[in-house]
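The values are calculated or read from the model by the stated rules, or taken from the named source; none is laboratory data. Note that this is a predicted model, so its numbers are computed, not measured. Note that we place each Cβ from the backbone using ideal geometry, even for glycine, and neighbour counts take in every protein chain shown. SASA here: full protein model, heavy atoms, side chains in, ligands and nucleic acids out. Shrake-Rupley method; radii C 1.70, N 1.55, O 1.52, S 1.80 Å.
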Amino acid sequence: MGAVTRTRTSSPASAPRPRSRTRPGPVDDPIPDHDKRWRPRDRKGPVCAYTFRDKTCPKRGAHYCEARADRAVAFPAELLRHIKGPYRRRPFVLRGWQEHEVVRPLFGEVLWSVEWQRYVRRYRRAFIIVGRKNGKSEIAAAIQLILMIGDDEEAAEVYQAAKDTKQAEKVFGPALRMVQLSPVLARRLRYYKNERRLVDEKSGSIYEVITADAKGELGHNPHGFNLDEVLSQPDGSLWEAMDTADGAREQELLFATSTETDEPNSFGASLIDEAEKVQEDPRRAPHVFTFIRKAPATEQELARLHRIFKGHPHLPVSTDIYDERNWKWSNPALDQFKSREALRRHALAAKANAAKEKAFRQFQLNQRVQQAYRFIPLDLWDLNAGELAPNPTWRDGQLAGRRCWAGLDLSSKLDLTAWALLFDDGSIRWRFWVPEAVVPALSEHTDGAFQRWCDQEWITVTDGNVIDYQSIYEAIEEDHEQFAIVDVTYDKWSGEPVRQEITERTGLECYESGTTYDRMTGPMTEFSRALTAREYRHGGNPVARWMAEHLKGKSPADDPDRVRPVKPDRKTQHVRIDGLPALFFAIDGQMRGDDGESVYDYRGLATVGGAAG
């Protein structure tokens, strides 16, 4: 995020109170430098020349068009009214965060369309994920009305969707009330109650409610679509129906508004997870806009937020859910139209009741209440690449003869197996094997990347439906001859025959381990420390990066310092993480030392920033 300046925002009047460490008052909303926002390096197109009132855009290529953004900001301020609360019936003037962190980038970022021969909106998908009572429904209603009649789109089709009619009405209802309170829109738009539809006869545009039965919605041609509260969706059928219905509009916008879900394997969770990855690295999907404000549950998540949003005044200072300095991040409307006193009452109730604490975390702090969490920040992973290796053997000559520790995560013969070497200089070398029968499914779910990795020999494919163990043993022998392997740590699932075969062929000592809390806490904690310190050089291995992206850690509810990796459901998730447990086994070997005794047997479990007994 670029440098920010600040503007004072108003807040409900309240009795003066002393300022304290955990009871902060209103904090200014940031005004980012919109020109510094990341965007594709695309210089195609003539001068924009878009004009709104007395402002004409002089830029070209992919850019932030201030005139377009001004128009989007003026629409609610001049045509819409607040519908409830202390600001009811007053003009809907966007708050600083609504204007500068949502509406301006969403409507102001444009690029040249060769296909349409005009500048169009860059963002076609958007995700607004914040705690409850932060005005999601109202901002969604304003965006929908802009798309309906303020976007220069003839015969625009704008849809409001949710699990059922009652849920959809929570957003459509505010939009309808805004129209009724606006003299201009009340004259222009007609409401058909039975069809739950607003109609603009001048442009032929409509705005209506649909529900989760996607089978009946396949004939739509949306210019705007909002899915409210993705956590309540039974599956992704409705989103997918609309997502695949685009193509006939020049600049459609499909967006989801929600609070976090507590179902880690749900459609909503997968949608939010992907949005968070885009927030971390916009290059992943330049057409996707994200505004996600979640209280961090771990120190890693806290550190990641501070890297991504460096300098933002509302960043949390810790993972303490009861420290009021941490509340503003997940509640941008706090001290504006969300009551701090009400939030304090929720926090007080949460301290006395576990069920209410769960609700406080999910609905007020926007946390996913689960024990499993994303373990590796990809920005840190990429900073540990070192020299990028164009092929898996690129650095073998440089590493020849160097001391290293080996980790083996041997799957069943029907799936992927990983071998990792961790060298004393922080370099990492992987080998992967997979039976050819598994390749098509994994390739399909990685958009063909898995097949490319096989073709480029990052992965060794063995004939048939099962892995050829002989190829694994031969590769280990080859590495033993080339590198100074100290020992091998392997998953006890592999079994005694594998250990015996490796020892017989190489003479290497093999130590049994596993992916339990007892065996993984130390290596995974050391991995996090070294990753943060940028001590690794993994060469940008694309298979390992794919696995790092999907690795989740899990901690016991009563002991968050302990951790182990979570194996994905191979049948439903179509991802693999085997290269990371293999690396953790190698780290275990490195920390064990040369005497064959794990450091954890006599020192206790190391933790970031200290030690736990």
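The accessible surface of the chain, taken with every protein chain in place and a 1.4 Å probe, is 49 percent carbon and sulfur. Counting only DSSP beta bridges whose two residues both lie in the chain, roughly 55 percent are antiparallel. Each Lys and Arg Cβ is given +1 and each Asp and Glu Cβ -1; about its Cα centre, the chain then shows a dipole of about 4440 debye. Magnitude of the charge dipole for segment 278-392, about its Cα centre and with charges confined to Cβ atoms of Lys, Arg (+1) and Asp, Glu (-1), is about 540 debye. Size estimate for the chain follows the Kirkwood approach: the inverse of mean 1/r over distinct Cα pairs works out to 26.8 Å.
Comparing Trp327, Leu227, Gly426 along the charge dipole axis of the chain, the residue lying farthest to the positive side is Trp327, per the Cβ-charge model.
Entry note: segment 378-592 has Rg to Rh equal to 0.93, where both radii use alpha-carbon atoms and Rh is the Kirkwood radius. A Cβ-based charge dipole, computed about the Cα centre of segment 153-299 with Lys and Arg at +1 and Asp and Glu at -1, lands at about 820 debye. Under 5 Å from the amide H of Arg81 lie the amide H atoms of Phe92, each residue being 5 or more positions distant or on a separate chain, with H modelled from the backbone and absent for Pro and chain starts. Give me the mean projected area, in nm² to one decimal, of the convex hull enclosing the Cα positions of segment 261-389. That works out to 9.6 nm², a quarter of the Cα hull's surface. Along the axis of the charge dipole computed for segment 455-507 (Cβ charges of +1 for Lys and Arg, -1 for Asp and Glu, origin at the Cα centre), the listed residues Tyr490, Asn465, Ile476 are led at the positive end by Tyr490. Taking amide H as placed 1.01 Å from N in the peptide plane, the amide H of Arg60 sits under 5 Å from that of Cys48, each at least 5 places away or on another chain. To the nearest ten degrees, helix 165-181 and the longest principal axis of the Cα atoms of the chain are 40 degrees apart. Helical content of the chain, expressed as a calculated mean residue ellipticity at 222 nm, amounts to -9500 deg cm²/dmol (DSSP H runs of 4 or more residues, -39,500 (n - 2.57) each, divided by residue number, nearest 500). Considering only Thr572, Ala533, Gln451, and ranking their Cα positions along the charge dipole of segment 378-592 that arises from unit charges at the beta-carbon of Lys, Arg, Asp and Glu, the one farthest toward the positive end is Ala533.
Extension gain for the segment Ala303 to Arg402, taken as residue separation times 0.36 nm less the Cα-Cα distance, is 32.3 nm to one decimal. Less than 5 angstrom separates the built amide H of Gln367 from those of Ala295, Gln362, all sequence-distant by 5 or more or on a different chain. Per residue, the solvent-accessible area of the chain (1.4 Å probe, heavy atoms of protein chains only, all protein chains present) comes to 44 Å². Axis angle, to the nearest 10 degrees, between helix 579-592 and the longest C-alpha principal axis of the chain: 50 degrees.
Here the Karplus curve 6.51 cos²θ - 1.76 cosθ + 1.60, taken at θ = phi - 60°, turns the phi angles of segment 268-278 into couplings of x, 5, 5, 5, 5, 4, 5, 4, 5, 5, 5 Hz, with x standing for Gly and Pro.
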